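> Got a structure for you, written out below as structure tokens; questions coming shortly.
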Amino acid sequence: MPLSSNFITGGLGPGTNLVLGGLGGTLFQEIVVQKVRGTRYGPPGYWGRTIHHRILCEETIQKTRALMQDHIQAGGLIADLWLPVYSPITGKKLVGITDHMPGPIECSCFKKTTQMSDRKCRSCYGQRLIPGYKKFGFRTYFMASVDKTLTLTNLVLDNTFTPNRLRLRDDQLTGQTVSVDYPFSHDNSDGSTWLSEDVAIVEDSVHASLLTEFSTDSGSTWNRLDRIGHINPNGRGRIRFRVTLTRESLKVASPMFEILRARHPVIEESSDGRIGPHILILRSVTANQPQNKVHGIVVERSGIRYWTVPLGFFDPTIPLYSKDEILKRNTFIEIREGQDNEIRFPILDWSASDPLGFATRQFFGARMAQENEFLSFVF
Ligand SMILES: [Zn+2]
């Protein structure tokens, strides 16, 4: 394969291929030359057969990875990243620091007959498992109406509609639900704060109300959930949630509680804001450049293409070269600067430079989310 081609593939050993993307620049050229020399002059499988050459090859991967990380850190756009709690297609659960409490709960909108969830569902966002998405670099806590560990007083789970919601018993004017305690550990020394949302229906907000609260002393004192960023619980502790439903008379429709969520960052924000609970991305092809697809003579406008480095660079708790470093399906980003600021992009396709475990960077295509798309509701 000629050196001038954009992608150069070198054999690393049996069943392993490293693909390096050509970016230009002296250091990168050196790596490419080194790489090609190895494949060109060595017999097939040569690199994989001695410890010495094995180490050389890993050093090359590390150098390439470091170079990609330098590129992305210098010029990358800041983007928030949401990963699915669960991928219903592969059955693979994602792990890492981007976790959530309690563990995933199957949503009441999931229909066993069709194996489908409702995309518009605010509990799982069509991902089958609550809480649906995890925001990268954050820990999310949630209280869902269908959670069997909740204590209910004068409330009942209404299964007329999906997702099922909690409402007052027919003969009750007020009722309450309380969650168990969840351990938290939040370091706010970088100025980071908690965020929250609640999802409920109050048809008659003049004669009925719904109050969401949290407690960090196991229920002795309570604060409104929407003040959690201001109060900003710090250090190690325990947090629980409470929801109170009230109506003035039995003729008034009961408020319906669906889900509340709270979260705090778990990756420190650097003083310049470049490194934090987010990723950095770079465009790999301009947005409006037509791409020839292989389908005969039809030329389609391509989506927008980006690349980023493996996620372990942004989240040091993700093991290097592990599967958790690679983007998965049902993932989306929100760009936080530049012309696409605050726009959410579902990721359509993705590929790593080496899907077998030595990725140095990963590519993905994205399209702009429509304004009324369910993605805009994802917390
Ligand atoms: Zn759902």
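The values are calculated or read from the model by the stated rules, or taken from the named source; none is laboratory data. Predicted model, so just to flag it, every value in this text is computed and none were measured. Note: ideal-geometry Cβ built from the backbone for every residue, glycine included; neighbour counts use all protein chains shown.
> Quick one: N188 ticks every box in (1) under 22 Å from C107 (Cα atoms); (2) in a loop (DSSP other than H, G, I, E, B) except a single one, so which number is it?
In the conditions (1) under 22 Å from C107 (Cα atoms); (2) in a loop (DSSP other than H, G, I, E, B), N188 misses (1) alone.
> If you don't mind, another one. Looking only at the stretch 335-367, count every residue that is modelled with pLDDT under 85, in contact with a Gly (Cβ under 9 Å, 6 or more places away or on another chain) and either exposed (fewer than 15 other Cβ atoms within 10 Å of the Cβ) or among the hydrophobic types (A, V, I, L, M, F, W, C) (or both) and tell me the total.
6
> Quick check: is even one residue across the stretch 180-199 within 15 Å of the ligand (Cβ to nearest atom), crowded, with 19+ Cβ neighbours inside 10 Å and on the phi < 0 side of the Ramachandran plot?
Yes, there is a match, as at least one residue in the stretch 180-199 is within 15 Å of the ligand (Cβ to nearest atom), crowded, with 19+ Cβ neighbours inside 10 Å and on the phi < 0 side of the Ramachandran plot.
> Right, something else. For the stretch 192-207, which positions are farther than 26 Å from N234 by Cβ and either touching a residue at least 12 places away in the same chain (Cβ under 8 Å) or of a type outside the set (G, A, S) (or both)?
Residues satisfying the conditions are V199, A200, I201, V202, E203, D204, V206, H207.
> Considering only residues that are outside any loop (DSSP other than H, G, I, E, B) and within 15 Å of the ligand (Cβ to nearest atom), look in the stretch 144-157 and name the one that is nearest to E197 (Cα to Cα).
Checked the stretch 144-157; the qualifying residue nearest to E197 (Cα to Cα) is A144.
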